[in-house]
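*Asks:* First the structure, which I've put down as structure tokens, then a few questions once you've had a look.
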Amino acid sequence: LWRYIRTIQLNDTTTFDANLIVPTARLRTSGAASVLGDASGVGDIVTGGAFKFLLDPNTRDVFSIAPFLTLPTGQYNRTDPLNIGENRWKLLVQMVYIKHFGSDWALDLGADATHFGNNTNVGPSSVTMKTKMRFETQAHLRYNVSPATTLSVGIGHISGAENKIAGISSNDEQSTTYGRLTAA
């Protein structure tokens, strides 16, 4: 990913982190999957950013809302089994609340929803693929070991995003719960 972020101070308690994300990829197959071929190039460009609101200067508690729009700019060919782009628009809206407990501990709570546009050019018959909304929730407990080191433990859940191609369900709705340990 090539990512550009620019923070803009809107007032004493509000900032906007403007983002431009350009993904690149190279997919190579081998063995039984080699019939799928290879793909490489630029993916779908993502633009948007996070509005961050400082709720309390003493506790440093923050609320953020971040809309991101994915543009169908990536390399896509309906007859290729592998593509870098998705040939559709996507809108992701993420909300995050960070509650600080003193100077060392914080709880990060996040939720996001993704709306998928339709890909109207799928496969040799050029049929339409529709995807239902995707939802994700996360909670992370962070401990600041030092100003430069953070440890966290978290849990999250992803649901939705079932695909229908030419009106036929793929029965691929996501329902995944995960845990995460992080050191930064």
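*Asks:* Based on this model, can you work out whether SER40 counts as among the hydroxyl-bearing types (Ser, Thr, Tyr) and in contact with a Ser or Thr (Cβ under 9 Å, 6 or more places away or on another chain)?
*Replies:* Details: among the hydroxyl-bearing types (Ser, Thr, Tyr): yes; in contact with a Ser or Thr (Cβ under 9 Å, 6 or more places away or on another chain): yes.
Against the criterion (among the hydroxyl-bearing types (Ser, Thr, Tyr) and in contact with a Ser or Thr (Cβ under 9 Å, 6 or more places away or on another chain)), SER40 qualifies.
*Asks:* Let me ask something additional. Any idea which of THR29, THR24, THR73 is in contact (Cβ under 8 Å) with a residue 12 or more places away in the chain and farther than 25 Å from VAL127 by Cβ?
*Replies:* Values: THR29 fails: farther than 25 Å from VAL127 by Cβ; THR73 fails: farther than 25 Å from VAL127 by Cβ.
Answer to the selection: THR24.
Residues checked against (1) out of contact with any Ser or Thr (no Cβ under 8 Å at 6 or more places or on another chain); (2) modelled with pLDDT under 95:
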position: ILE8; (1), (2): no, no
position: THR14; (1), (2): yes, no
position: PHE53; (1), (2): no, no
position: PRO81; (1), (2): yes, yes
position: LEU91; (1), (2): no, no
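*Asks:* Among the residues of the range 132-154, which ones are without any contact (Cβ under 8 Å) to a residue 40 or more places away in the chain and under 21 Å from ASN171 (Cβ atoms)?
*Replies:* Matches in the range 132-154: MET133, PHE135, GLU136.
*Asks:* Here is a list: GLY48, GLY43, GLY110. Which entry is out of contact with any Phe, Trp or Tyr (no Cβ under 9 Å at 6 or more places or on another chain), buried (at least 17 other Cβ atoms within 10 Å of the Cβ) and among the small types (Gly, Ala, Ser)?
*Replies:* Residue meeting the stated conditions: GLY43.
*Asks:* Across the range 7-27, which residue is nearest to VAL93 (Cα to Cα) among those that are of a type in the set (D, E, K, R) and exposed (fewer than 12 other Cβ atoms within 10 Å of the Cβ)? First the steps, then the outcome.
*Replies:* Let us first name the residues in the range 7-27 that are of a type in the set (D, E, K, R), namely 12, 17, 26.
Adding the requirement that they be exposed (fewer than 12 other Cβ atoms within 10 Å of the Cβ) leaves 12, 26.
Details: ASP12: 24, ARG26: 28 Å.
This residue is ASP12.
*Asks:* I would also like to ask the following. Determine if the range 3-21 includes at least one residue that is among the charged types (D, E, K, R), under 15 Å from the mean Cα position of the chain (by Cα) and more than 15 Å from GLN75 (Cα to Cα). Give the steps one after another, and end with the answer.
*Replies:* Taking the range 3-21 first, the residues among the charged types (D, E, K, R) are 3, 6, 12, 17.
This time we only want the ones that are under 15 Å from the mean Cα position of the chain (by Cα), so: 3.
With the extra rule that they be more than 15 Å from GLN75 (Cα to Cα), the set shrinks to 3.
For the range 3-21, residues among the charged types (D, E, K, R), under 15 Å from the mean Cα position of the chain (by Cα) and more than 15 Å from GLN75 (Cα to Cα): present.
*Asks:* Another one. For the range 24-44, check the following and say yes or no: at least one residue is closer than 23 Å to GLN138 by Cα and not in a loop (DSSP other than H, G, I, E, B).
*Replies:* Restricting attention to the range 24-44, the residues satisfying the condition of being closer than 23 Å to GLN138 by Cα are none.
Checked the range 24-44: no residue is closer than 23 Å to GLN138 by Cα and not in a loop (DSSP other than H, G, I, E, B).
*Asks:* Say whether the condition of being within 20 Å of LYS52 (Cα to Cα) and open to solvent by 30 Å² or more (accessible area, probe 1.4 Å) is met by at least one residue in the range 146-153.
*Replies:* Initially, the range 146-153 is screened for residues within 20 Å of LYS52 (Cα to Cα), giving none.
Looking through the range 146-153, none of the residues is within 20 Å of LYS52 (Cα to Cα) and open to solvent by 30 Å² or more (accessible area, probe 1.4 Å).
*Asks:* Kindly provide the set of residues from the range 45-62 that are part of a loop (DSSP other than H, G, I, E, B) and touching a residue at least 24 places away in the same chain (Cβ under 8 Å), ordered by number. Break it down stepwise before answering.
*Replies:* So in the range 45-62, the residues part of a loop (DSSP other than H, G, I, E, B) come out as 45, 57-60.
Those that are part of a loop (DSSP other than H, G, I, E, B) and touching a residue at least 24 places away in the same chain (Cβ under 8 Å): ILE45, PRO57, THR59, ARG60.
*Asks:* A further question follows. What residue, among those in the range 113-131 that are open to solvent by 80 Å² or more (accessible area, probe 1.4 Å) and of a type outside the set (Gly, Ala, Ser), is nearest to SER170 (Cα to Cα)?
*Replies:* Ranking the candidates gives LYS130 first.
*Asks:* Take the residues in the range 160-184 that are closer than 15 Å to ASN118 by Cα and not small (Gly, Ala, Ser); name whichever of them is surrounded by the fewest Cβ atoms within 10 Å (Cβ to Cβ).
*Replies:* Per the stated criteria, the residue is ILE168.
The values are calculated or read from the model by the stated rules, or taken from the named source; none is laboratory data. Predicted model only: the values in this text are computed from it and were never measured. Neighbour counts are summed over all protein chains in view; Cβ atoms, including those assigned to glycine, are modelled from backbone coordinates with ideal geometry. For accessibility, only protein heavy atoms count, side chains too; no ligands or nucleic acids. Shrake-Rupley method; radii C 1.70, N 1.55, O 1.52, S 1.80 Å.
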